[in-house]
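Everything on this sheet refers to the single structure shown next.
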Amino acid sequence: MINKKVNTVQEALQGIENGMTLMLGGFGLCGIPENSIAELVQKETQNLTCISNNAGVDNFGLGLLLQKKQIKKMISSYVGENAEFERQMLSGELEVDLIPQGTLAERCRAAQAGIPAFFTPAGYGTEVSEGKEAREFNGKMHIMELAFNADFAIIKAWKGDTAGNLIFKGTARNFNPCMAGAAKITIAEVEELVEAGTLDPNQIHIPGIFVQRIFQGEQYEKRIEQRTTRKKD
Amino acid sequence: MALDKIGIAKRIAQELKDGFFVNLGIGIPTLVANYIPKGIDVEFQSENGVLGMGPFPFEGEEDADLINAGKQTITTLPGASFFDSALSFGMIRGQHVDLTILGAMEVAENGDIANWKIPGKMVKGMGGAMDLVASAENIIVAMMHVNKAGESKILKKCTLPLTGVGCVKKVVTELAVLEITPKGFKLLERAPGVSVEHIIASTEATLIIDGEIPEMKID
C-alpha cells in the first residue's frame, strides 16, 4: 500500500504558489474543500486561477479568497449569489471565463483521462463557440473544447483511506470525482480518514491512484445556501 | 385571465408522459414537480448529480450534502441515485433525459433561446443550460410572455446573447401555448379568457393561427 496520508492541511497544501491554477471541487457550497480554502486564505497565496463550478458566496467558500483578492481568474459555469464577485468582475479586477457546466465537467474528466480535446454541442452558435473549431457530426454542429491544465486539484470526499481511496456522499460528489487526477497533484480532504483495508473496495468511488495527498479536515461547517423545507401535515 | 406561475406550471405538467426522465430548471419549471398528472411515473434529474429527486425535506431534516441545482435542500425518492457532474452531463448530452423544462428571457421563432446574460447588467453564467438545450430532444420553455416593461419576449430574433440555437420546441406563457414549427410560432392554446387578439398584440413575432384556438384546460 502506498501511503498518501498527510497530517495537516498545511502539509497537504505544500507547493501551492502564487500564480498557479487550481481546480476546486463542489457545487455551490456543497462538497467544497472547506479546510483547504481556509488554509489558502491563511497562506495568502496570490494571483490564483481557480477552476470551480461556482465562486462561493460572499463570506464562505471561494468567496473568502475573493474577499482577499487572491484570485486573478475564475473559470466557472455559474457565479450568481456573490456580490463581491460581481463587483470585481464588472470593475475588471477579476478575469472571468464562463463556460457551460457540462463542458466544465468534461474538461476536468478529459484532463483526468488523458484526452487532450473533445467535441460537444454545448454552446454552438453562442459566444462560447467564438474562436473555437466547429465540426459537424451526425448532422449536428459541435465545438472543440480542450482538457484543463491545472497545477493542483483540491477535492473533498466523505470518507477516504490512507491509500487515497475515496467515497462521496449525496450530491456533495458533483465535480470532485472529475477533478481527481485531473491536475499535476491532487489533494483530497475527507471528513473521515481510515486505515487502508477498512473501506470495502466495492464501494470506492475514486481509486487512490488519482490522489497524491489525503488528510482529514479538522471541521466542517457545511453551510446550506438555500434551506428549503416543507411542513409536516 | 392570464395565468399565474402556478398555472403555467400546471399546464406544462400536462406535457409529462409516463416513464419520462425530466430535468427542471430554476424558477417556474421547479413548480412543475408539484403537478404531475395522476397515474404516471416520472423521475426528476438534477444536473448537480441526482436522479429520483423528491420534495423538500421536513424542517430539521435538511442535509447539506443533498441539494438540487438551485442549491435548495431536497430529498430523494425510492430508486434514486447519485453521480458525478461528468456522468450527469453524459446523461444530458447522451439524450437519456427525455424532457428539459427551463426558463428564458427571450425565445425566437427559429427556436433560439437566450437566458443567461444581459450585457452590462446581469452576468451570472449559463450553468448547465447550454448543455441542456444543445442536447435535449424535447425542450419546453416556461416564461412570461412580456417583460416588466411590457415588451414581448416572444421574438422574430433574439436580441440577448444566445444560450442555444434552433432548439426550443414549445413555449408556455401566462397567455398562450406556442409550438415552434419550421414556419415559426404556431398558437396552440390560449389562457382561459385571453383573446387571440390580446396574444397577437403581446407577441413581437408573427403567429401562425390555424382555425379556432382552444382554451387551456387548467384544474
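The values are calculated or read from the model by the stated rules, or taken from the named source; none is laboratory data. As the structure is a computational prediction, the values presented were derived from the model and not from experiment. Reconstructed Cβ throughout: ideal geometry from the backbone, glycine too, with neighbour counts over all protein chains shown. Only protein heavy atoms, including side chains, enter the accessible area calculation; ligands, DNA and RNA are left aside. Shrake-Rupley method; radii C 1.70, N 1.55, O 1.52, S 1.80 Å.
About its Cα centre, the dipole of chain A is roughly 400 debye, where the only charges are +1 on Lys and Arg Cβ and -1 on Asp and Glu Cβ. For the residues of B:43-50, the average number of beta carbons from a partner chain within 10 Å of their own beta carbon is 5. By the Cβ rule of 4.7 Å, chain A holds the following cysteines without a possible disulfide partner: A:Cys30, A:Cys50.
Rolled with a 1.4 Å probe across the full set of protein chains, the surface gives A:Arg107 an accessible area near 40 Å².
Only one residue of B:Met53, B:Tyr35, B:Asn68 has its Cα farthest out toward the positive end of the dipole of the range B:30-71, where Lys and Arg carry +1 and Asp and Glu -1 on Cβ, and that residue is B:Tyr35. In chain B, the DSSP-assigned H stretches of four residues or longer account for a calculated mean residue ellipticity at 222 nm of -4000 deg cm²/dmol, using -39500 (n - 2.57) per stretch and the full residue count as denominator. Packing, taken as the mean count of other beta carbons within 10 Å per residue, orders the peptides A:17-28, A:195-206, A:119-130 from highest to lowest as A:17-28, A:119-130, A:195-206.
When DSSP beta bridges are restricted to pairs lying wholly in the range B:71-164, around 50% turn out antiparallel.
Of the peptides B:95-108, B:143-156, A:219-232, B:122-135, the order by per-residue mean of other Cβ atoms within 10 Å, starting with the highest, comes out as B:122-135, B:95-108, B:143-156, A:219-232. With R₀ set to 56 Å, the beta-carbon distance separating A:Thr198 from A:Asp233 gives a calculated FRET efficiency near 0.85.
For the protein assembly as shown, the solvent-accessible area with a 1.4 angstrom probe is 43 square angstrom per residue.
If both residues of a DSSP beta bridge must be in chain A, then about 30% of such bridges are antiparallel. Pairs spanning more than 22 Å between alpha-carbon atoms, out of B:Lys121/B:Lys169; A:Lys72/B:Lys124; A:Lys132/B:Lys121; B:Lys71/B:Lys124: B:Lys121/B:Lys169; A:Lys132/B:Lys121.
Dividing the summed -39500 (n - 2.57) terms of all DSSP H runs of n ≥ 4 by the residue count of chain A sets its mean residue ellipticity at 222 nm at -5000 deg cm²/dmol. Please give the net charge around A:Asp58, taking every other residue with its beta carbon less than 13 angstrom from that of A:Asp58, where Lys and Arg add +1 and Asp and Glu add -1. Computed value for this residue: -1. When the accessible areas of A alone and B alone are added and the area of the pair subtracted, with a 1.4 Å probe, the result is around 4200 Å², both sides summed.
Between B:Ile208 and B:Asn138, the contour length at 0.36 nm per residue exceeds the Cα-Cα span by 23.1 nm.
Rounded to the nearest 0.05, the FRET efficiency derived from the C-beta distance between B:Thr159 and A:Glu221 at R0 = 56 Å is 0.85.
Each Lys and Arg contributes +1 and each Asp and Glu -1, all at the Cβ; summed about the Cα centre of chain B, the dipole is approximately 700 debye. One chain, two ends: B:Val196 and B:Glu215. Fully extended at 0.36 nm per residue, the span grows by 5.8 nm beyond their Cα-Cα distance. Residues of the range A:14-38 with an amide N closer than 16 Å to a point placed 7 Å from the Cα of A:Glu95 along the Cα-to-Cβ direction: A:18-23. Label zone (A:Gln67, point 7 Å along Cα-to-C-beta; backbone nitrogen cut-off 16 Å) within the range A:1-30: A:29. Of all beta bridges DSSP finds with both residues in the range A:75-148, what is the antiparallel percent, to the nearest 5? Here the antiparallel bridges make up roughly 80 percent for the range A:75-148. Between amide H atoms placed 1.01 Å from N, distances below 5 Å from A:Leu166 occur with A:His205, A:Ile206, A:Gly208, all of them 5 or more places distant or on a separate chain. Expressed as a whole percent, the accessible surface of chain B that belongs to carbon and sulfur atoms is 54, based on a 1.4 Å probe. Taking every residue in A:113-120 and counting other chain Cβ atoms within 10 Å of its Cβ, the average works out to 1.
Calculated FRET efficiency, B:Ala149 to A:Asn3, Cβ-Cβ distance, R0 = 60 Å: about 0.40 to the nearest 0.05.
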